[in-house]
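The values are calculated or read from the model by the stated rules, or taken from the named source; none is laboratory data. Note that the coordinates shown come from a computational prediction; the quantities given were computed from them, not determined experimentally. Cβ atoms come from the backbone with ideal geometry, glycine included; neighbour counts cover every protein chain shown. Note: accessible area is taken over every heavy atom of the protein model, side chains too, but ligands, DNA and RNA are not part of it. Shrake-Rupley method; radii C 1.70, N 1.55, O 1.52, S 1.80 Å.
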Amino acid sequence: MSADIKQSPITKNTITIDGQEIPFLAGQTIMDAALAAGVYIPHLCHRQGFTPHGSCKLCVVDIASRSASACTMPAVAGQQISNNTPALNEARKTITQMLFIEGNHICPSCEKCGDCTLQAMAYHLGMLDGHFPQFFQRREVDASHPTVMLDRDRCILCELCVRASREVDGKNVFAIAGRGINAHLVVNSASGKLVDSDLETSDMAAHICPVGAILIKEHGYEVPIGQRTFDLHQVSEIGLEKTILTKVRQPDE
Amino acid sequence: MDSNTANTIGLLRSIIAEAYAESPHLLHVLYALQRQFLHISDEAVREVAAHLDLPLSQVDAVVEFYSFFHKIPRGRYDILFSNCTSCGYMAGGVDLMAMLGRRLDIVAGNTRGDGLVSMDQTSCIGMCDHGAALLVNGMPIVSLDAAMIDRIAALVEAETPLEDWPAEWFQVDDNIRVSGMLLKDDLSTGIGLSTMLALDAAGTLSEIIQSGLRGRGGAGFSTGMKWQFCREAQGAARYVVCNADEGEPGTFKDRVLLHSHADSLFEGMAVCAFAVGAKQGYLYLRGEYRYLLPHLQSVLARRRGLGLLGVDILDQPGFNFDIDIVVGAGAYICGEESALIESLEGKRGIPRTRPPFPVTHGYLGQPTVVNNVETFIAATHIVLRGSAWFRAVGTEKSAGSKILSISGDCAAPGIYEYPFGVTIRQVLDDCGAKDAQAVQIGGPSGTLIGSAEFDRRLGFDDLSTGGSLMVFSQARDMLAVIVNFAHFFAHESCGFCTPCRVGTVLLKNGLDKIAGGHGTRYDLDEMQRLATLVKSRSHCGLGQTAANPILDGLQRFPQAFEQRLVHRDFEPHFDLDAALEEARQISHRDDAAAHIE
């Protein structure tokens, strides 16, 4: 994609991120342009090719001095954007801590440990603890499906599974219900259980979860700790999402 | 399927079909079910999804989003006390909700075992000029006191139908104290529309632009420009939406306008429709004002009869426009225009990502004007009297007048209309606020000022307001006020973005800790840091303003916080005594030995 931009003679449009001039195409968001140019803006709920969501707020940047989500804000010629600054990374760290303490995360024993983008983000931002008191919310586990399990304790409400199901799988398995701190993932089936939904193991929605909320059953610890995605890669590597997805969908490879 | 189940499903289906035939909006169908069955069961959700051809998860998500829908049955008398600082259950200094709870042997948030009564608190119900107030089965009872609580308990126990409760309890007055350019005259029906037709659409638009009218919801966007953008936007249809979801605590001016100036409002919507080329309008009415629905429907019916709505309005060929009313179900966030549109579309009220803005991508993705009740009424007056008449009042940047809902510690709470530019001091003098220490301008999401700033002026360039003005006397504990507001925002956050969803709860918990006498200097610094983050990084106006009372309070009333601090460097959040609360409730004990100090 970066090649397209370089070759496009009609596009003189550029934005500036942390002093670096970056080209963009009409219709691109700041995130699109940044990723295409190899500039990392932290993000959890964003995934290239999916409708931008803008809920996790990890991708907050400052345009002049106004806050915006890079994943939803259209790139406009001349934008002066701050991204990798101590103040923004501090805000991102606090937001990551919020995601940790509102849920019930069990990193050391979680199957996703080392493959989890939330955990990798915490390391990336230098987060050493949850900082805030835990909410200890009661959240439902759904183990009804023969091959996929849903542990809402670890859900960060990024809606990647919601979008994957609608936009890639052509289904509508997941949605968010409730309000405020009671917002939670629900399953679109008569019983509200995964087993009664049309989710299949091969669906993108079964594999897209960046944390350990949606896991494939009977495939635990096949890759040893030390060789997992974020043992080998930085979360800030561009294009890593494809690597992760290939790996979780074909763990035997 | 046994015959009981078959009967239940048959009944469900007939209620759904009947409600749907009357109005196809999901919120209305769910309301009919809630009313009939006192809850919305899983079967009901399935039947609604099937009948309206919606995903089950969408129906489920909507039921769980709005405060007035319940998955667990409510009582046959469902009592909701406002918890606002002006019309809340503590407004008179006595906890009326706890009092009723004792009389009826019920704990807030629960339904009594016999199913007779349920009781809970709810966000401001817009009765702030009437003192403490509640909703019983959706009907407001105002000016509550201890004696009334006793009588309410007796009426509930005797299962007296609401029609036989004292009629004066349900009497909601307008309380208009100062009338200005809009409230002074009740326009004769249709006169604005006939004047507009003489101007034609372009002339009307130009009058509105030249008048300098800005949105009365508080944000202050130019109304004329909004209409023009909508008119110029590409779309298969255009819509006019009136935001009558005034949920900001301390605001009740729309209640009065809807009650006594509905004709001017509907006329303003029709003017807008003509100017932008819309055929359909919606009035989104907050669920707390459902009691106004019959009145509003009758005004609409009368206007249809007079040829002021419908086909070829005032015999102008091709001027077709009608208005439907959609009633909300208890969600402050739906006052945010894009969340309101989501709600109109039968979804959870989650604010959309902007851009694109509703003027180009609004209801059903089509160009949509969303304006406040007061804005449409002002537009009607402007069309009739001209932009110069409007500009002559107010200030350079803030033309015209502002209708204020004044409540709190003053002698004459009610509706006051002033030219923009009026000082807070003048307003306080007029409403009889003798010893005000603070005024909350624009409600909790607005600005909290102290007496040193009473010479500041109302206007978009100084103190902007959607209309709420709450007065707090020297006797008020300002920390208690700020705690109340923090609870409000945590309850009303839609939950979409992390900073607001988690941040508003952390702010609430932190303030509770300080107010409970367990806060330290560290906690104050944390409040400041968190509040700044929530304000600057949240997705929409709710999160961006939720921390305002805390930030304003820390700046202007630091002593309210500091006098509660314990003088240690750090105090844990974990409170031993509070942790025993559940055990105390189970064992029905509250004696000294059941507490740890």
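The set of residues in the stretch B:158-193 being at pLDDT below 95 and surrounded by 14 or more Cβ atoms within 10 Å (Cβ to Cβ) consists of B:Leu187, B:Thr189, B:Gly190, B:Ile191, B:Gly192, B:Leu193.
Quick grid of which residues meet (1) open to solvent by less than 10 Å² (accessible area, probe 1.4 Å); (2) touching a residue at least 40 places away in the same chain (Cβ under 8 Å):
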{"site": "B:Thr423", "(1), (2)": "no, no"}
{"site": "B:Gly432", "(1), (2)": "no, no"}
{"site": "B:Gln437", "(1), (2)": "no, yes"}
{"site": "B:Thr447", "(1), (2)": "no, yes"}
{"site": "B:Asp461", "(1), (2)": "no, yes"}
{"site": "B:Ser464", "(1), (2)": "no, yes"}
{"site": "B:Met470", "(1), (2)": "yes, yes"}
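Please work out which residue is surrounded by the most Cβ atoms within 10 Å (Cβ to Cβ), limiting yourself to the stretch B:402-421 and to residues that are touching a strand residue (DSSP E or B) at 6+ places or on another chain (Cβ under 7 Å) and among the aliphatic types (A, V, I, L, M). It comes out as B:Ile406.
Quick one: B:Gly247 ticks every box in (1) touching a residue at least 60 places away in the same chain (Cβ under 8 Å); (2) open to solvent by less than 30 Å² (accessible area, probe 1.4 Å); (3) closer than 23 Å to B:Gly400 by Cα; (4) under 20 Å from the mean Cα position of the chain (by Cα) bar one, so which box is it? Failed condition: (3). Note on the stretch A:98-214: enclosed strands (runs of 3 or more DSSP E) holding 1 or more residues that are within 14 Å of another protein chain (Cβ to nearest Cβ) and either among the acidic types (Asp, Glu) or without any contact (Cβ under 8 Å) to a residue 60 or more places away in the chain (or both) are A:174-177, A:184-187. Looking across B:Asp129, B:Asp114, B:Asp95, one residue alone is at pLDDT 95 or above, open to solvent by 10 Å² or more (accessible area, probe 1.4 Å) and over 30 Å from B:Ala411 (Cα atoms). It is B:Asp114. The condition of being under 17 Å from A:Pro108 (Cα atoms), open to solvent by 50 Å² or more (accessible area, probe 1.4 Å) and among the charged types (D, E, K, R) holds for only one of A:Glu200, A:Glu222, that being A:Glu222. In this structure, is A:Ala64 more than 10 Å from chain B (Cβ to nearest Cβ) and at pLDDT below 95? Taking the combined requirement at face value, the residue satisfies it. Evaluation of B:Glu43 against the conditions (1) within 14 Å of chain A (Cβ to nearest Cβ); (2) open to solvent by 30 Å² or more (accessible area, probe 1.4 Å); (3) free of Cβ contacts under 8 Å to residues at least 24 places away in the same chain shows that the sole unmet condition is (3). Only one entry of B:Phe485, B:Phe496, B:Phe489 meets the criterion of being assigned to a helix (DSSP H, G or I), in contact with a Pro (Cβ under 8 Å, 6 or more places away or on another chain), within 30 Å of A:Cys45 (Cβ to Cβ) and within 14 Å of another protein chain (Cβ to nearest Cβ), and that entry is B:Phe489.
Please go through the stretch B:283-305 and give me each residue that is open to solvent by less than 20 Å² (accessible area, probe 1.4 Å) and either in a helix (DSSP H, G or I) or of a type outside the set (D, E, K, R) (or both), ordered by number.
Of everything in the stretch B:283-305, those that are open to solvent by less than 20 Å² (accessible area, probe 1.4 Å) and either in a helix (DSSP H, G or I) or of a type outside the set (D, E, K, R) (or both) turn out to be B:Leu283, B:Tyr284, B:Leu285, B:Gly287, B:Glu288, B:Tyr289, B:Leu292, B:Leu296, B:Val299, B:Leu300, B:Arg303.
Here is a check on your reading of the model: is B:Gly335 open to solvent by less than 40 Å² (accessible area, probe 1.4 Å) and more than 23 Å from B:Ile209 (Cα to Cα)? Here the answer is yes, as B:Gly335 does meet what is asked. In the stretch A:48-61, of all residues being open to solvent by 30 Å² or more (accessible area, probe 1.4 Å) and out of contact with any Cys (no Cβ under 9 Å at 6 or more places or on another chain), the one that is modelled with the highest pLDDT corresponds to A:Thr51.
Looking only at helices (runs of 4 or more DSSP H) that lie completely in the stretch B:518-597, which have at least 3 residues being buried (at least 17 other Cβ atoms within 10 Å of the Cβ)?
Because the criterion is at least 3 residues that are buried (at least 17 other Cβ atoms within 10 Å of the Cβ), the helices (runs of 4 or more DSSP H) in the stretch B:518-597 that meet it are B:521-537, B:541-546, B:548-556.
With respect to the stated conditions, B:Ala21 fails to be at pLDDT below 95 and either small (Gly, Ala, Ser) or not in a helix (DSSP H, G or I) (or both). State whether the residues of the stretch B:509-531 include one that is facing chain A (nearest Cβ under 10 Å), under 22 Å from A:Phe100 (Cα atoms) and hydroxyl-bearing (Ser, Thr, Tyr). No: the stretch B:509-531 contains no residue that is facing chain A (nearest Cβ under 10 Å), under 22 Å from A:Phe100 (Cα atoms) and hydroxyl-bearing (Ser, Thr, Tyr). Check the stretch B:46-57 and report whether any residue there is more than 14 Å from chain A (Cβ to nearest Cβ), without any contact (Cβ under 8 Å) to a residue 40 or more places away in the chain, of a type outside the set (Val, Ile, Thr) and not in a helix (DSSP H, G or I). No - not one qualifying residue is present in the stretch B:46-57. Contact map, the stretch B:329-340: residues that are more than 11 Å from chain A (Cβ to nearest Cβ) paired with residues that are among the aromatic types (Phe, Trp, Tyr) and assigned to a loop (DSSP other than H, G, I, E, B), Cβ distance under 7 Å, separation 6+ or inter-chain. Pairs shown: B:Ala329/B:Tyr66; B:Ala329/B:Phe68; B:Ala329/B:Phe69. Among residues of the stretch B:61-74 that are open to solvent by 40 Å² or more (accessible area, probe 1.4 Å), those with a beta-carbon under 6 Å from a residue that is aliphatic (A, V, I, L, M) and in a loop (DSSP other than H, G, I, E, B) at least six positions away or on a different chain give the pairs B:Phe68/B:Ala329; B:Pro73/B:Leu38.
Applying the set (1) open to solvent by 10 Å² or more (accessible area, probe 1.4 Å); (2) within 14 Å of chain B (Cβ to nearest Cβ); (3) farther than 28 Å from A:Thr243 by Cα; (4) touching a residue at least 24 places away in the same chain (Cβ under 8 Å) to A:Asn89 leaves exactly one unmet item: (3). Looking at B:Gly277, B:Gly268, just one residue is within 24 Å of B:Asp312 (Cα to Cα), surrounded by fewer than 24 Cβ atoms within 10 Å (Cβ to Cβ) and not assigned by TED's automatic domain parsing to the domain that holds B:Gly443, and that residue is B:Gly277.
Do we have any residue at all in the stretch B:553-564 that's touching a Phe, Trp or Tyr at 6+ places or on another chain (Cβ under 8 Å) and at pLDDT 95 or above? Looking through the stretch B:553-564, at least one residue is touching a Phe, Trp or Tyr at 6+ places or on another chain (Cβ under 8 Å) and at pLDDT 95 or above.
Among (1) within 30 Å of B:Met527 (Cβ to Cβ); (2) more than 9 Å from chain B (Cβ to nearest Cβ); (3) more than 15 Å from the chain's Cα centre (by Cα), there is one condition A:Gly38 misses while meeting the rest; what is its number? If we test A:Gly38 against (1) within 30 Å of B:Met527 (Cβ to Cβ); (2) more than 9 Å from chain B (Cβ to nearest Cβ); (3) more than 15 Å from the chain's Cα centre (by Cα), just (1) comes out false. Looking across the stretch B:361-401 at every residue that is touching a helix residue (DSSP H, G or I) at 6+ places or on another chain (Cβ under 7 Å) and surrounded by fewer than 19 Cβ atoms within 10 Å (Cβ to Cβ), the one that is farthest from B:Leu197 (Cα to Cα) is identified as B:Arg391.
Looking across the stretch A:98-144, the residues that are in contact with a strand residue (DSSP E or B) (Cβ under 7 Å, 6 or more places away or on another chain), open to solvent by 30 Å² or more (accessible area, probe 1.4 Å) and among the charged types (D, E, K, R) come down to A:Glu111, A:Arg139.
Residues checked against (1) assigned to a strand (DSSP E or B); (2) of a type outside the set (Gly, Ala, Ser); (3) touching a Lys or Arg at 6+ places or on another chain (Cβ under 6 Å):
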position: B:Pro358; (1), (2), (3): no, yes, no
position: B:Phe376; (1), (2), (3): no, yes, no
position: B:Lys397; (1), (2), (3): no, yes, no
position: B:Ala411; (1), (2), (3): no, no, no
position: B:Tyr416; (1), (2), (3): yes, yes, yes
position: B:Leu428; (1), (2), (3): no, yes, no
position: B:Ala433; (1), (2), (3): no, no, no
